[in-house]
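Here's the structure we're looking at; comments come further down.
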Amino acid sequence: MQFYQNTWLRNYLYPVCDWPEPGCKIVCNRTSTYRSLHKKTKCFAQAIKQFEDKDLFIKLDDDALVDIDYVIGLIKKYQGYHKPVYISDHRRTKTRDYPDALNGVRYGNGKFYMFNRKLVQCLDIDIKYRGSRNEDSVFGGMVSNGCGENNVEYVKEDDRWIWHKEYTNKNKHIDLSFIKNH
């Protein structure tokens, strides 16, 4: 989290934390592991419904970095957009292990997704599914079940401006996953 507090994100950062700690604005009050991130995603979705003064949201992995000019361009284009917007590198779930609300769901790649208030308003935060599931497919299920896939503007992210795990640009190389909890 300190890395992001030292970047342009610091004024807009709303970290989702397991337990109360300095700098946390959303607290889930449960220990999360890789296998329980779907529960943290539900906590996050419930919490952002309360941020009624925010029009756009970004979900960013802690080992990802996004270019500020790219984000500003997206803000200019999608702020006040007339329908729910979901920007990411979308894919579909393919699991047949659990026949439930998440089968065949369109969801965003977890490193980055951006979405608007209209999408938050229609999220199905009470989605029911079985077992431990990929947190990004759970968010996609909340979108599909609550908003209706045909009512959402799915926008492909531009990966030239999003770095995941490592940043290499302008003769610089940074290991974004330096903190070895990945």
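The values are calculated or read from the model by the stated rules, or taken from the named source; none is laboratory data. Treat the numbers as computed from the prediction; the structure is a model and nothing was measured. Cβ coordinates were reconstructed from backbone atoms using ideal geometry, including for glycine residues, and neighbour counts include every protein chain displayed. Accessible surface areas use protein heavy atoms only, side chains included; no ligands, DNA or RNA. Shrake-Rupley method; radii C 1.70, N 1.55, O 1.52, S 1.80 Å.
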task = May I ask you to say which residue of Y4, Y14 is assigned to a helix (DSSP H, G or I), at pLDDT below 85 and in contact with a helix residue (DSSP H, G or I) (Cβ under 9 Å, 6 or more places away or on another chain)?
result = Y4
query = With respect to L102, is the statement that it is open to solvent by less than 40 Å² (accessible area, probe 1.4 Å), without any contact (Cβ under 8 Å) to a residue 40 or more places away in the chain, among the hydrophobic types (A, V, I, L, M, F, W, C) and farther than 30 Å from D53 by Cβ true?
reply = yes
query = What is the residue count in the range 42-73 for residues that are of a type in the set (A, V, I, L, M), open to solvent by 20 Å² or more (accessible area, probe 1.4 Å) and part of a helix (DSSP H, G or I)?
reply = 3
ask   = Exactly one of (1) of a type in the set (G, A, S); (2) surrounded by fewer than 16 Cβ atoms within 10 Å (Cβ to Cβ); (3) touching a residue at least 40 places away in the same chain (Cβ under 8 Å) is unmet by G23. Its number?
value = (3)
key: Tally of residues being surrounded by 14 or more Cβ atoms within 10 Å (Cβ to Cβ), basic (K, R) and touching an Asp or Glu at 6+ places or on another chain (Cβ under 8 Å) across the range 110-164   = 2
note = When every residue in the range 68-125 that is within 12 Å of the chain's Cα centre (by Cα) and over 20 Å from W161 (Cβ atoms) is compared, the one modelled with the highest pLDDT is V120
